[in-house]
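The values are calculated or read from the model by the stated rules, or taken from the named source; none is laboratory data. The shown structure was predicted, so the numbers you read here are calculated from the model rather than taken from an experiment. Ideal geometry is used to build each Cβ from the backbone, glycine not excepted, and the neighbour counts take in all protein chains shown. Note: areas computed on protein heavy atoms with side chains; ligands, DNA, RNA excluded. Shrake-Rupley method; radii C 1.70, N 1.55, O 1.52, S 1.80 Å.
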Amino acid sequence: MSKHVLAQNQYGKAENRIVKITRKGSDGSWHEIRDLNVSVALRGEFRDVHLTGDNGNCLPTDTTKNTVYAFAKEHDVTSPEAFGILLAKHFVNSQAVIHEAQIRVEEFAWERIPVPTRKEQHSFVRSGQEVRTAQITYGGSTGLQVISGLKDLTVMNSTNSEFHGYIKDKYTTLKEAYDRILATKVTARWAHSSSAADDAEHDWDRSYKKVRTHLLEAFAETYSYSLQQTLHAMADRVLDNVASVNEVRLNLPNKHHFLVDLEPFGLKNDNEVYFAADRPYGLIEGTIHRDGVRPVISTSDWIVA
Ligand SMILES: O=c1[nH]c(=O)c2[nH]c(=O)[nH]c2[nH]1
């Protein structure tokens, strides 16, 4: 026996890449695709597996992978959230030793390449840079918890951004800015109310589009005095407009654009030529939630820009 304490542990199979083709139309020539990266983490009675070599409670990670494949065949993949809910419930409800399952899904979006000369539609182009995310946790004390999100959504305002009035100490060299570029690569996660999570009819694709639109509109429409203020405005807009969302966490790395000094060349830089710095970036993160709701989105995952 170990004299040390086994604390949080989980296991499963990470990053199962699956593409589901659904054939529609009378001859099945209209294709729809969902391109997912599905990770499984199981929590439960796995003490003996770690301590004694008894694998009697261990559902192999290989089986969890196969389950993802089989579920993709046996069920409609209507959204990352709905697929994750099916899987999480399956693991907890089928094995007594599994107390909680967490499914993380990334979805890569594809758009149709329209081919007017043929009725079959089976050609696609990867759309955008952003990745849709979902994290489903079922069992334990949480019941069903659904956290949706997106990452790698890069946005820029080429004006309507200022930054001044900040603390100045002996290390401060930053010049005050009254018209600057504001650019960031958005990582957003939002937690749904339990009534939305438990509603089998919830339209996850629709709520994803709504949240994404409100995030982008708030970014574009906020006259910004700091990226922190923009962050708050973006999350606020989502909470004001999407009733089923209780909490929003945003990671907004400040992708700095510095004015290039053109004076050595006898030129004046009228806020026209910037150096787009790669690193370091400003680390700007925050959670905004409805009053009276306990926040559930992890604050410990730092997002690297
Ligand atoms: O929007 C900003 N917030 C900051 O906290 C900060 N700090 C900094 O150097 N530039 C900026 N910009």
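Residue by residue through the range 1-46, note down the ones that are more than 26 Å from Gly139 (Cβ to Cβ), at pLDDT 95 or above and in a loop (DSSP other than H, G, I, E, B). Of everything in the range 1-46, just one residue is more than 26 Å from Gly139 (Cβ to Cβ), at pLDDT 95 or above and in a loop (DSSP other than H, G, I, E, B), namely His4.
Could you list, in sequence order, the residues of the range 258-278 that are more than 17 Å from Lys175 (Cβ to Cβ) and modelled with pLDDT under 95? Selection gives Asp278 alone. Of all residues in the range 261-272, none satisfies being surrounded by 15 or more Cβ atoms within 10 Å (Cβ to Cβ), touching a residue at least 40 places away in the same chain (Cβ under 8 Å) and in the same structural domain as Asp179 (by TED's automatic domain parsing). Of the listed requirements (1) within 19 Å of the chain's Cα centre (by Cα); (2) more than 16 Å from the ligand (Cβ to nearest atom), Ile284 misses just one: (2).
Screening the range 186-217 for residues that are of a type in the set (A, V, I, L, M) and open to solvent by 10 Å² or more (accessible area, probe 1.4 Å) and picking the one that is farthest from Gly128 (Cα to Cα) gives Ala200.
Would you confirm whether or not the range 235-257 contains a residue that is open to solvent by 70 Å² or more (accessible area, probe 1.4 Å), within 16 Å of the ligand (Cβ to nearest atom) and without any contact (Cβ under 8 Å) to a residue 40 or more places away in the chain? No, there is no match, as no residue in the range 235-257 is open to solvent by 70 Å² or more (accessible area, probe 1.4 Å), within 16 Å of the ligand (Cβ to nearest atom) and without any contact (Cβ under 8 Å) to a residue 40 or more places away in the chain.
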